[in-house]
1. Can you give me the P(r) profile for the stretch 162-267? Cα pairs, bins 5 angstrom wide beginning at 0, each as a whole percent.
2. What distance in nm lies between label points placed 7 Å from Cα along the C-beta direction at Lys68 and Thr174?
3. Under Stokes-Einstein, with the Kirkwood radius over Cα pairs standing in for Rh, what whole-number D in µm²/s applies to the stretch 54-124 at 25 °C and 0.890 mPa s?
4. Could you tell me the extents of the stretch 206-267's C-alpha atoms along the three principal axes, largest first, rounded to whole Å?
5. Quick check on the chain: of the DSSP beta bridges with both residues there, what percent are antiparallel, nearest 5%?
6. Longer than 27 Å from Cα to Cα, which of Lys218/Lys263; Lys205/Lys259; Lys201/Lys235; Lys105/Lys261 are they? Say none if no pair is.
7. Determine the gain in length on full extension of the stretch Asp77-Gln240; use 0.36 nm per residue of separation and subtract their C-alpha separation, reporting nm with one decimal.
8. For the stretch 1-67, what does the equivalent ellipsoid look like in terms of its semi-axes, each the square root of 5 times an eigenvalue of the Cα gyration tensor, given largest first in whole Å?
Amino acid sequence: MADTVLYEVSDGLATITLNRPEAMNALNIATKVALREAAEAAATDDAVRAILLTAAGDRAFCVGQDLKEHIGLLAADRESGSGQTMSTVSEHYNPIARALVGAPKPVVAAVNGVAAGAGFGFALAADYRVVADTASFNTSFAGVALTADSGISWTLPRIIGPARATDLLLFPRTISAQEAYDLGIAQRVVPSTDLRTEAEKIARKLAQGPTVAYAALKESVAYGLTHSLTETLEKEDELQARAGQSEDHAIAVQAFVNKEKPKYLGR
């Protein structure tokens with residue numbers, strides 16, 4: 001894995017850190033490959049019970065595609081006629097978004113600065129966003145004559161509604177941390193100096209929680225957004241049966257009876 005993305009697992013928490021602060025954590029090819037590998041590793045590792053996605057530096061979470069690299073790749077495409085540059089969506093962005101959204105465990109994004117384009121999309125792919133009060137968001141795509149990618153056309157309308165999402169996509173603008181909270185993009189806004197501590201506290205709490213139940217909750221909410229009430233009730237029945245058979249449910253019930261704090265195993 002390239003040093004542009006750091007990956008660490010500790011006590012059930014996988015921490016993925018974008019590590020190009022000098023480039024505002026822009027996504028060049030090496031970074032996209034490393035981020036894809038890290039996201040897929042964290043999503044599929046049974047020892048990982050929660051994921052924290054964060055970034056180095058204090059200016060940017062991720063400003064999206066590295067346009068300096070992109071210009072050169074487009075020029076090479078024009079010479080060769082290959083059109084390979086935009087295959088980055090299928091090769092990198094799509095797998096990253098699928099891994100984060102579909103991970104059977106909670107994903108927390110600690111947004112320390114600007115989150116633009118695909119950086120915004122990957123923040124939205126998390127289940128919980130802790131945002132520094134100095135951070136901001138921008139869809140950016142239309143500003144460089146591109147359409148949405150990184151799953152943002154799926155996540156953003158579900159979070160803020162289709163009308164507001166369309167507005168932000170057609171007319172990109174800077175969204176402050178406070179507005180992001182008001183819109184529901186950010187679940188928590190904290191002083192920038194406290195961001196890493198607060199985000200890690202939340203992620204570690206989730207990493208020690210009932211992982212099977214968390215996975216079922218993620219699946220249930222996603223399913224309910226696109227299915228009827230009857231279908232969703234059937235899905236809830238199916239998922240509740242799964243959660244009810246977990247070791248963690250038995251632990252929780254016994255701890256409740258004993259008036260103790262449960263110590264979950266994540267299974």
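1. The calculated distribution, bin by bin, is 2, 10, 12, 13, 14, 16, 15, 10, 5, 2, 1, 0.
2. Placing both labels 7 Å along Cα→Cβ, they lie 2.1 nm apart.
3. Working: Rh = 13.7 Å.
Taking Rh from Cα pairs, D becomes 179 µm²/s.
4. Dimensions of the stretch 206-267 along the principal axes of its Cα atoms: 39, 21, 16 Å.
5. On the way: 8 of 30 bridges.
Here the share of antiparallel DSSP bridges comes out near 25 percent.
6. On the way: Lys218/Lys263 21 Å; Lys205/Lys259 20 Å; Lys201/Lys235 31 Å; Lys105/Lys261 21 Å.
Too far apart for the 27 Å limit: Lys201/Lys235.
7. On the way: separation 163, 0.36 × 163 = 58.68 nm, distance 5.08 nm.
Gain in length upon complete extension: 53.6 nm.
8. Working: eigenvalues 94, 30, 13 Å².
Taking √(5λ) for each eigenvalue gives 22, 12, 8 Å, largest first.
Laboratory data are not the source of any read-out in this text; all were calculated from the coordinates shown. Everything numeric here is computed off the predicted structure, so don't read it as measured data. With ideal geometry, Cβ positions are generated from the backbone for all residues, glycine too; neighbour counts draw on all protein chains shown.
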